[in-house]
Ligand SMILES: Cc1cc2nc3c(=O)[nH]c(=O)nc-3n(C[C@H](O)[C@H](O)[C@H](O)COP(=O)(O)OP(=O)(O)OC[C@H]3O[C@@H](n4cnc5c(N)ncnc54)[C@H](O)[C@@H]3O)c2cc1C
């Protein structure tokens with residue numbers, strides 16, 4: 001296993017690079033596994049093994065991830081950055097190289113006018129925190145699966161509001177040859193648009209972001225959050241494993257993508273264990289034994305029918321990642337090129 005010596009060297013370099021404090025060097029908190037099934041880390045519950053899955057946390061997170069990204073680049077190992085896995089279909093063949101899971105890089109700090117949130121913090125934890133503190137502005141995100149990092153990267157949008165509407169600075173890790181530095185990126189409105197962020201088309205690790213909030217009425221905040229969560233439940237979001245909407249909406253089409261798919265008579269259609277939700281045209285669900293290939297074939301079928309029967313090019317929202325060599329779908333490296341138009345000020 002060629003990644004084993006790589007990992008050993010990385011751990012040792014991280015420990016040596018950290019100046020020891022009075023109590024000795026800070027411990028490196030690191031969970032890792034070889035051949036880790038990605039089905040355990042995605043909301044769709046599909047995905048074969050990642051060659052090496054790593055979940056670092058604690059004080060040495062940015063030092064470790066900086067070294068990881070730099071050394072993996074030199075050694076030619078691809079690194080895929082994982083948030084909550086709520087927008088992903090990982091290939092049944094898994095992911096070659098390294099998966100960097102940000103799930104242990106969590107924390108929320110209150111600042112003047114906002115919150116600074118580490119990227120691995122779940123959206124639920126953030127909205128609950130804001131509600132407890134009587135801070136308003138994030139209610140629309142209540143019930144959104146995933147982490148802050150994924151929501152910023154995707155520029156997630158719920159109930160007519162996008163993450164970019166409440167985003168201040170984002171902090172990213174930029175690798176420069178052998179070193180990595182933390183860099184703050186201001187939000188320029190032109191860099192973000194519907195479900196697009198300047199981080200797409202990049203392989204930069206998002207470390208954290210500042211979110212704008214203001215004092216509000218705690219009862220009203222709580223009420224609104226409950227309404228959003230209940231609405232999602234009514235719409236069947238949590239009934240089966242899925243990754244939410246498969247395709248983006250497009251105003252030029254005149255109706256929502258879900259409605260178009262329903263008009264095509266595709267609701268309820270299934271392929272293997274993957275099924276177009278009988279209650280929502282734009283959600284594919286895993287009924288229990290779906291493979292990633294079933295989900296991909298079903299999504300391709302929907303796109304082909306929309307094109308053939310309505311002349312519409314549906315744009316995928318869910319990301320197909322990992323080793324899709326046989327089908328020619330996106331590999332992590334190709335995925336980084338999704339959007340090179342919106343590089344903004346990175
Ligand atoms: C039931 C359900 C309902 C949903 N409803 C909505 C909805 O209303 N609106 C909506 O927009 N989406 C929705 N989604 C999709 C999903 O919740 C969002 O896309 C979410 O923002 C993904 O976050 P994540 O942390 O899971 O990211 P992942 O799925 O893990 O990753 C998504 C992308 O972000 C990148 N990424 C993640 N973290 C980082 C980081 N720290 N640094 C750099 N890159 C990173 C990954 O590499 C990947 O390219 C829904 C999903 C489900 C399952």
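The values are calculated or read from the model by the stated rules, or taken from the named source; none is laboratory data. It should be emphasised that the depicted structure is a prediction, and the values quoted were computed from it without experimental measurement. Virtual Cβ from ideal backbone geometry, glycine too; neighbours counted across all protein chains shown.
Of 291, 322, 272, which residue is in contact (Cβ under 8 Å) with a residue 60 or more places away in the chain, away from the ligand (no atom under 16 Å from the Cβ) and surrounded by 14 or more Cβ atoms within 10 Å (Cβ to Cβ)? Talk me through it step by step, then tell me what you get.
Numbers: 322 fails: away from the ligand (no atom under 16 Å from the Cβ); 272 fails: in contact (Cβ under 8 Å) with a residue 60 or more places away in the chain.
Among 291, 322, 272, only 291 is in contact (Cβ under 8 Å) with a residue 60 or more places away in the chain, away from the ligand (no atom under 16 Å from the Cβ) and surrounded by 14 or more Cβ atoms within 10 Å (Cβ to Cβ).
Yes/no per residue for (1) modelled with pLDDT under 95; (2) assigned to a loop (DSSP other than H, G, I, E, B); (3) within 17 Å of the chain's Cα centre (by Cα); (4) not assigned by TED's automatic domain parsing to the domain that holds residue 122:
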residue: 190; (1), (2), (3), (4): yes, no, no, no
residue: 201; (1), (2), (3), (4): yes, yes, yes, no
residue: 207; (1), (2), (3), (4): no, no, yes, no
residue: 220; (1), (2), (3), (4): no, no, no, no
residue: 226; (1), (2), (3), (4): no, no, no, no
residue: 239; (1), (2), (3), (4): no, yes, no, yes
residue: 266; (1), (2), (3), (4): no, yes, no, yes
residue: 275; (1), (2), (3), (4): no, no, no, yes
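Quick check on residue 116: is it under 18 Å from residue 228 (Cβ atoms), more than 13 Å from the ligand (Cβ to nearest atom) and out of contact with any helix residue (DSSP H, G or I) (no Cβ under 8 Å at 6 or more places or on another chain)? If you could, list the steps in order and put the result at the bottom.
On the way: under 18 Å from residue 228 (Cβ atoms): no; more than 13 Å from the ligand (Cβ to nearest atom): yes; out of contact with any helix residue (DSSP H, G or I) (no Cβ under 8 Å at 6 or more places or on another chain): yes.
So residue 116 fails the test.
Please specify each residue of region 301-314 satisfying the condition of being exposed (fewer than 13 other Cβ atoms within 10 Å of the Cβ) and either out of contact with any helix residue (DSSP H, G or I) (no Cβ under 7 Å at 6 or more places or on another chain) or modelled with pLDDT under 95 (or both).
304, 307, 308, 309, 311, listed by residue number.
Of everything in region 147-165 that's within 7 Å of the ligand (Cβ to nearest atom) and in contact with a helix residue (DSSP H, G or I) (Cβ under 6 Å, 6 or more places away or on another chain), which residue is nearest to residue 256 (Cα to Cα)? Explain how you work it out, then say what you get.
Kept after step one, since they are within 7 Å of the ligand (Cβ to nearest atom), are these residues of region 147-165: 147, 149-151, 153-154, 156-158.
Next, from what is left, pick out any that are in contact with a helix residue (DSSP H, G or I) (Cβ under 6 Å, 6 or more places away or on another chain): 151, 156, 158.
Numbers: 151: 22, 156: 17, 158: 14 Å.
Looking at the filtered set, the residue picked out is 158.
Give the residues of region 96-113 that are in a strand (DSSP E or B) and away from the ligand (no atom under 11 Å from the Cβ), sorted by residue number.
Listed by number, the residues that qualify are 96, 97, 98, 108, 109, 110, 111.
Take region 144-159 and flag every residue that is surrounded by fewer than 20 Cβ atoms within 10 Å (Cβ to Cβ) and not in a strand (DSSP E or B).
159 - this is the single residue of region 144-159 that is surrounded by fewer than 20 Cβ atoms within 10 Å (Cβ to Cβ) and not in a strand (DSSP E or B).
Just give me the residues in region 121-138 being in a helix (DSSP H, G or I), touching a strand residue (DSSP E or B) at 6+ places or on another chain (Cβ under 9 Å) and touching a residue at least 60 places away in the same chain (Cβ under 8 Å), in sequence order.
126, 130
Specify which of the listed residues (85, 47) is within 25 Å of residue 290 (Cβ to Cβ) and out of contact with any strand residue (DSSP E or B) (no Cβ under 6 Å at 6 or more places or on another chain). Walk me through how you get there before you give the answer.
Working: 47 fails: out of contact with any strand residue (DSSP E or B) (no Cβ under 6 Å at 6 or more places or on another chain).
85 is the lone residue from the list that is within 25 Å of residue 290 (Cβ to Cβ) and out of contact with any strand residue (DSSP E or B) (no Cβ under 6 Å at 6 or more places or on another chain).
Could you tell me whether any residue of region 178-196 is more than 11 Å from the ligand (Cβ to nearest atom) and on the phi > 0 side of the Ramachandran plot?
Among the residues of region 178-196, not one is more than 11 Å from the ligand (Cβ to nearest atom) and on the phi > 0 side of the Ramachandran plot, which makes the answer no.
Does any residue of region 98-120 turn out to be without any contact (Cβ under 8 Å) to a residue 60 or more places away in the chain, surrounded by fewer than 19 Cβ atoms within 10 Å (Cβ to Cβ), within 26 Å of residue 194 (Cα to Cα) and out of contact with any strand residue (DSSP E or B) (no Cβ under 9 Å at 6 or more places or on another chain)?
no
Does residue 171 satisfy the criteria of being assigned by TED's automatic domain parsing to the domain that holds residue 129, under 18 Å from the mean Cα position of the chain (by Cα) and in contact (Cβ under 8 Å) with a residue 12 or more places away in the chain? Talk me through it step by step, then tell me what you get.
Values: assigned by TED's automatic domain parsing to the domain that holds residue 129: yes; under 18 Å from the mean Cα position of the chain (by Cα): yes; in contact (Cβ under 8 Å) with a residue 12 or more places away in the chain: yes.
Spelling it out, residue 171 is indeed assigned by TED's automatic domain parsing to the domain that holds residue 129, under 18 Å from the mean Cα position of the chain (by Cα) and in contact (Cβ under 8 Å) with a residue 12 or more places away in the chain.
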